[in-house]
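These notes concern the structure reproduced below.
Derivation of every value follows stated rules applied to the coordinates shown; laboratory data play no part. Here the structure is a predicted model, which is why all the values come from computation and not from measurement. Every residue, glycine as well, gets a Cβ built from its backbone with ideal geometry; the counts of neighbours run over all protein chains shown.
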Amino acid sequence: MEKNKNIEEKVRVLVEPLLREAGFELWDVLFEKEGAMNYLRILFDKDSGINDEECVLMTAPINELMDEQDFIKHVDILDVGSPGLMRRLRRPEHFEQSVGKPIRLMKRGDGGKINVIYGRLTSYNRETGQITLKTDSETITSSIKNCIKINLDFE
């Protein structure tokens with residue numbers, strides 16, 4: 001997993017200026033294995049959102065840039081696109097940008113059962129990695145490390 005983080009950071013450093021120059025913001029880079037396939041996902045956005053044509057426009061230069069690199073041994077699928085409306089929150093800047101927005105948090109509860117909690121992200125502490133969310137009935141504080149997955153949710 002640490003190896004994947006290193007690859008993701010190297011890709012981030014290479015791709016971010018390319019996207020910024022084209023008027024986009026890099027949201028995230030994920031290098032993941034799904035089944036037998038290795039996926040490199042480059043997720044980007046802009047204030048007004050992105051469309052299919054913009055994804056196609058950025059795929060060729062990103063693909064060329066990745067082909068020139070030797071730190072990634074094998075990528076089966078390069079996925080260049082939008083993080084979507086229910087985008088995954090993973091990086092400190094994701095949480096900072098999402099304070100005040102509705103989120104969906106998944107964490108493992110007693111007996112290994114997965115609990116899904118819906119609420120509004122009320123705060124994020126970068127130093128401790130703690131988030132606080134307000135649900136309909138309570139306020140919950142949790143370490144990001146204890147969560148399986150955190151996504152934006154619909155208003």
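Descriptive notes on the structure:
- Across LEU40, LEU105, LEU14, mean-square fluctuation computed from a Gaussian network of the chain (C-alpha pairs under 10 Å connected) peaks at LEU14.
- If you plug the beta carbon distance of ILE148 and LEU57 into 1/(1 + (r/R0)^6) with R0 = 35 Å, you get a FRET efficiency near 0.55.
- Among GLU96, GLU138, GLU25, the largest mean-square fluctuation in a Gaussian network model of the chain (Cα springs under 10 Å) belongs to GLU138.
- Subtracting the Cα-Cα distance of GLN130 and LYS33 from their residue separation scaled by 0.36 nm leaves 32.1 nm.
- Fluctuation leader among GLY81, GLY35, GLY23 - the chain, Gaussian network, Cα springs under 10 angstrom: GLY35
- Positive-end residue, the chain charge dipole about Cα centroid, Cβ charges, pick of LEU89, ILE7, ILE140: ILE140
- Principal-axis tilt of helix 2-21 within the chain, Cα atoms, nearest 10 degrees: 70
- Candidates TYR118, ASN151, ILE50 compared by Cα position along the dipole of the chain: farthest toward the positive end lies TYR118, with charges placed on Cβ.
- Principal-axis analysis of the Cα atoms of the chain puts helix 52-67 at an angle of about 70° to the longest axis.
- Length gained on full extension, VAL99 to GLU21, computed as 0.36 nm times the residue gap minus the Cα-Cα distance: 25.4 nm.
- Estimated distance in nm for a label pair at SER137 and ASP110, the labels positioned 7 Å out from Cα along Cα-to-Cβ: 1.4
- In this structure, ASN4 and MET86 have a Cβ-Cβ separation that, at R0 = 30 Å, corresponds to a calculated FRET efficiency of about 0.85.
- Dipole size of the chain about its Cα centre, with +1 on Lys/Arg Cβ and -1 on Asp/Glu Cβ: approximately 940 debye, rounded to the nearest 20.
- Net charge dipole, the stretch 27-111: roughly 700 debye, given to the nearest 20, about the Cα centre with Cβ charges of +1 for Lys and Arg and -1 for Asp and Glu.
- Sequence-separation-based contact order of the chain, relative, with Cα cut under 8 Å and 6+ spacing, percent: 18
- Rounded to the nearest 500, the helix-only mean residue ellipticity at 222 nm of the chain stands at -9000 deg cm²/dmol, with each DSSP H run of n ≥ 4 adding -39,500 (n - 2.57).
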